[in-house]
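The values are calculated or read from the model by the stated rules, or taken from the named source; none is laboratory data. Source: prediction; values computed, not measured. Counting neighbours? That spans all protein chains shown, and the Cβs are built from the backbone with ideal geometry, glycine included. These area figures cover heavy atoms from the full protein model, side chains too; ligands, DNA and RNA do not enter into them. Shrake-Rupley method; radii C 1.70, N 1.55, O 1.52, S 1.80 Å.
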Amino acid sequence: MHELRYCGFHPLTVVVRSDDPLLWLCDRNRKDRLTSLPKIRITPCKDAVNGMSYSLRSGLTALLPEKMDAVLVALADQPFISASHLKRLVYVYREDPSLHYVASGYGETVGPPLIMNKSLFPQLLELDGDRGARHILKSPDYVGKVVRYAAEWTFMDIDTREELGEARQLWSQMQMNAN
């Protein structure tokens, strides 16, 4: 989330569960952290528990009035995504106007963060269940590029306590190696 703000994306919409207290959005270094959320739009999604498509549709629906040419879809539970990675996606997207999408990838895995052109908005709004845009990325009907990275850990997606423990351990190792 913080990396997205460093990239200058606007408007920035965060889709959350309806009962989310939003504490994860607060800056822990500020004394008034509970009253100083960053300048972002919060889009509650009451159906988020039903699958990824509901969150994706909620976010896109909230942004449609802005009449944007594209959206960047990023997951809040991918803590190792950097601003430089996001800027590279934007650079690749802007270099080729014929692209429907630019996705991230490592090995055979392709996915978020990714940029999707407005031509894909109708397909995104038709998604259902716990299905994201993966089938769109695999379809020969759409032209896209994948920005590949060798470090699989960059795309770590934290959905369980075990994965959170692994991420913390990896972060600690990275900090020790940096010193």
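Along the chain, counting only trypsin sites (Lys or Arg not before Pro) with a DSSP assignment other than H, G, I, E or B and at most 10 other Cβ atoms inside a 10 Å radius, the longest segment between sites is 68-179. Ranking of His85, His10, His135 by solvent-accessible surface, largest first: His10, His135, His85 (1.4 Å probe, protein heavy atoms only, all chains present). Annotation for Arg168 and Arg88: the two label points, set 7 Å from Cα along the Cα-Cβ direction, are 2.9 nm apart.
In units of the rule-of-thumb radius 2.2 N^0.38 Å, the range 80-179 shows an alpha carbon radius of gyration of 1.24. Within the full protein context, the accessible area of Ser98 is estimated at about 70 Å² for a probe radius of 1.4 Å. Based on C-alpha pairs under 8 angstrom that are at least 6 apart in sequence, the range 68-179 has a relative contact order of 33 percent. Phi-derived couplings, Karplus 6.51 cos²θ - 1.76 cosθ + 1.60 at θ = phi - 60°, listed residue by residue for the range 134-141: 3, 5, 5, 5, 8, 6, x, 6 Hz, with x used for Gly and Pro.
Give me the extension gain from Phe9 to Thr109: residue separation times 0.36 nm, minus the current Cα-Cα distance, reported in nm with one decimal. Write down the numbers at each step before the final one.
Working: separation 100, 0.36 × 100 = 36.00 nm, distance 2.53 nm.
The Phe9-Thr109 span can extend by a further 33.5 nm.
Of the GluC sites (Glu not before Pro) in the range 78-179, the ones in a loop by DSSP (not H, G, I, E or B) with at most 16 other beta carbons within 10 Å are Glu108, Glu126.
Using a 1.4 Å probe on the protein heavy atoms, what percent of the accessible area of the chain belongs to carbon and sulfur? Before the final figure, lay out the partial values.
On the way: 5770 of 11470 Å².
Carbon and sulfur: 50 percent of the exposed surface of the chain.
Per residue, the accessible area of the chain comes to 64 Å², computed with a 1.4 Å probe over protein heavy atoms only. Ser18 exposes around 80 Å² of accessible area when a 1.4 Å probe is run over every protein chain in place. Where only DSSP H runs of four or more residues are counted, the chain gives -9500 deg cm²/dmol as its mean residue ellipticity at 222 nm, each run worth -39500 (n - 2.57).
For the chain, report the % of Cα-Cα distances exceeding 22 Å. Please report the intermediate quantities before stating the final value.
Details: 7769 of 15931 pairs.
Pairs farther apart than 22 Å: 49 percent.
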